[in-house]
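Following: one structure in structure tokens, then a few remarks.
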Amino acid sequence: MDSCNKSTRDSSPFDCLLFDLDETLYSAKIGIGEATKRNIDDFLVQECGFQETQTKILRVELFKTYGSSLAGLRALGYDIDADDYHSFVHGRLPYDSIKPDAQLRNLLRTINQRKIIFTNSDRIHATKALDRLGIRDCFEQIICFETMNPNLAKSTRPDEFPVVLKPSLDAFRIAIDVAEIDPRRTLFLDDSIRNVAAGKAVGLRTALVGKSIKIKEADFVLETVNSLAQAIPEIWLGEGQRMTRTRSQMDPILATAPIGA
């Protein structure tokens with residue numbers, strides 16, 4: 001973990017940054033999300049016996065109602081092992097499409113506050129993706145599927161322990177407790193509007209990533225995580241210094257940002 005700089009922590013309104021992973025720390029354009037959807041559809045056919053014509057509609061409905069296909073299938077009584085599901089859905093992803101992001105790594109290293117991953121994905125997927133990006137060592141902790149669902153493997157029936165995932169408020173409460181953070185001084189960054197809204201509901205400061213139009217539940221909006229310095233300079237300088245920051249103060253941080261951002 002990066003050492004904390006006391007003056008930054010004292011001036012910034014944030015003690016911790018809580019980052020979503022998929023399509024937040026890398027672009028949706030590389031296709032990991034679409035590949036995941038295809039793998040879920042294949043799982044529904046091969047492991048659950050659904051017709052191919054049903055899978056897309058079913059996957060969308062399970063996601064809307066339960067937060068994920070796995071959560072929905074188990075709630076409906078399908079005895080799906082979480083490890084088997086994640087191995088099938090994530091095990092065949094084109095991880096080679098995730099490239100090292102030196103610019104993001106340099107940006108993260110300028111942030112002296114605690115930095116934590118908060119993802120619905122399983123730990124194996126999270127570590128693979130972070131390793132491909134070259135940024136795993138920038139984070140002190142990964143809060144993931146296993147963190148939110150520690151008792152799932154002990155269940156004697158599929159609906160005994162409901163799967164807990166974002167945007168469930170329970171998922172956020174677990175993350176806040178496990179990370180030992182003050183939500184009022186924590187910035188939560190996610191590409192999902194539903195997740196951002198839930199984060200706001202539990203008292204987190206929120207940033208919607210990958211969008212250009214602000215929503216009421218988001219305190220900040222940024223098109224890419226790499227534009228963090230331009231969108232939320234308070235991370236480094238504090239809210240009172242936003243309008244009075246000097247060029248020399250921000251130059252080292254802005255140097256890590258994409259040109260034209």
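List of remarks:
- Residues in segment 120-166 that are assigned to a loop (DSSP other than H, G, I, E, B) and under 15 Å from I80 (Cβ atoms): D122, N149, S155, T156, R157, P158, D159, E160, F161, P162, V163, L165.
- Looking at K99, K128, K56, K64, just one residue is over 20 Å from the mean Cα position of the chain (by Cα) and of a type outside the set (G, A, S), and that residue is K56.
- Some residue of segment 161-180 being free of Cβ contacts under 8 Å to residues at least 60 places away in the same chain, farther than 17 Å from I143 by Cα, in the same structural domain as K115 (by the TED database) and surrounded by fewer than 18 Cβ atoms within 10 Å (Cβ to Cβ): yes
- Of all residues in segment 118-152, those that are farther than 18 Å from E23 by Cα and either surrounded by fewer than 20 Cβ atoms within 10 Å (Cβ to Cβ) or of a type in the set (A, V, I, L, M, F, W, C) (or both) total 9.
- Among the conditions (1) at pLDDT 55 or above; (2) in contact with a Ser or Thr (Cβ under 8 Å, 6 or more places away or on another chain); (3) open to solvent by 60 Å² or more (accessible area, probe 1.4 Å); (4) in a loop (DSSP other than H, G, I, E, B), the only one that I213 does not satisfy is (2).
- Identity of the residue in segment 79-117, open to solvent by 60 Å² or more (accessible area, probe 1.4 Å) and among the acidic types (D, E), that ends up farthest from A129 (Cα to Cα): D79
- Matching entry among I40, I57 (being open to solvent by 90 Å² or more (accessible area, probe 1.4 Å) and assigned to a helix (DSSP H, G or I)): I57
The values are calculated or read from the model by the stated rules, or taken from the named source; none is laboratory data. Remember, predicted model here, so these are calculated numbers, not experimental data. Every residue, glycine as well, gets a Cβ built from its backbone with ideal geometry; the counts of neighbours run over all protein chains shown. Note: accessible area is taken over every heavy atom of the protein model, side chains too, but ligands, DNA and RNA are not part of it. Shrake-Rupley method; radii C 1.70, N 1.55, O 1.52, S 1.80 Å.
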